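I have a structure here, written as structure tokens, and I will follow up with some questions on it.
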Amino acid sequence: RVTALDWGAGPEPVADDEAVILAVPPWVATALLPEVSAPDAFHAIVNGHFAMTPPEGAPATLGVLGGTAEWLFAFPDRISVTVSAADAIVDLDREDLAQRFWADIQSAYRFTAPMPAWQIVKEKRATFAATPAQDDKRPASATRWRNLFLAGDWTRTGLPATIEGALRSGETAARLAIGARTR
């Protein structure tokens with residue numbers, strides 16, 4: 001069982017009736033627990049956010065074909081862009097990405113306007129590669145320690161690396177932790 005945690009200022013004891021949920025990216029989990037298997041090949045996601053009220057009647061979600069953008073999301077105060085598996089564009093200049101995304105937005109929503117304030121967000125290791133080999137590396141939430149549980153979309157959730165997978169893993173880890181406290 002886990003008996004202590006060290007946050008850098010020395011070990012802090014974990015009480016006998018306490019459980020620990022390790023909710024970190026897979027590369028952090030394997031650095032802390034080298035015996036834990038975890039996905040180790042990743043893909044990027046790039047998002048763009050534009051401070052503009054979407055045009056009247058814009059759908060909440062719109063798929064884009066033939067552009068740099070893949071998905072457009074219309075929020076009351078902004079238009080957002082998402083590109084999954086964005087390895088081919090993640091290293092492009094932020095201004096270039098903003099210009100490309102803005103062109104896609106104008107084309108998809110059929111309007112012309114100067115580009116508003118924007119923000120580009122890049123995450124090079126946003127999701128693990130969805131391959132059978134990487135899927136085989138996904139660990140269960142339970143570990144060999146009776147009071148230590150893993151949470152994250154990279155664990156064996158039955159779903160791809162998605163928000164839904166992350167939620168499912170957290171629920172599983174919490175359920176296991178509650179069960180461990182009652183033993």
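Return the calculated 222 nm mean residue ellipticity for the chain, to the nearest 500 deg cm²/dmol, obtained by summing -39500 (n - 2.57) across DSSP H runs with n ≥ 4 and dividing by the residue count.
On the way: 4 runs with 46 residues, N = 183.
Helix contribution divided over all residues of the chain: -7500 deg cm²/dmol.
Please name whichever of P54, T68, Q99 sits farthest to the positive end of the charge dipole of the range 34-111, dipole taken about the Cα centre and charges placed at Cβ: Lys and Arg +1, Asp and Glu -1.
P54
I need the calculated FRET efficiency for the pair W27 and R110, taking r as the beta carbon distance and R₀ as 35 Å, to the nearest 0.05.
My answer for the efficiency is 0.25.
Using the crude model of +1 on Lys and Arg Cβ and -1 on Asp and Glu Cβ, and no other charge, please compute the dipole size for the chain relative to its Cα centre, in debye to 20.
440
Give me the distance between the Cα centres of the range 32-98 and the range 149-183, rounded to whole Å.
With the range 32-98 and the range 149-183 each reduced to a Cα centre, they are spaced 25 Å.
Tell me the label-point distance for the pair A129, D96, using the 7 Å Cα-to-Cβ offset, in nm and rounded to one decimal.
2.4
How far is helix 94-109 tilted, in degrees, relative to the longest principal axis of the Cα atoms in the chain, given as a value from 0 to 90 rounded to the nearest 10?
Once rounded, the angle reads 60 degrees.
Efficiency by 1/(1 + (r/R0)^6): what FRET value for A140 and E56, r their Cβ-Cβ distance, R0 = 35 Å, to the nearest 0.05?
Values: r = 49 Å, r/R0 = 1.39.
The calculated FRET efficiency here is 0.10.
What FRET efficiency would be calculated for the residue pair A4, R175, taking the C-beta separation as r and a Förster radius of 22 Å, to the nearest 0.05?
0.35
Give the peptides 115-124, 64-73, 146-155 in descending order of average Cβ contacts within 10 Å, highest first.
146-155, 64-73, 115-124
Taking a label point 7 Å from the Cα of A15 along the Cα→Cβ vector, which residues of the range 139-179 have an amide N closer than 20 Å to it?
Output list for this probe position: 146-149, 174-179.
Moving to a separate point now. Once the convex hull of the C-alpha atoms of the chain is built, how many Å³ does it hold per residue, rounded to a whole number?
Per-residue hull volume (Cα only) is 161 Å³.
Bear in mind these aren't lab numbers, they're just calculated from the coordinates by the rules spelled out. Just so we're clear, the structure is a prediction, and the values are computed from it rather than from any experiment. Because the Cβ atoms are built from the backbone with ideal geometry, glycine has one as well, and the counts that use them run over all protein chains shown.
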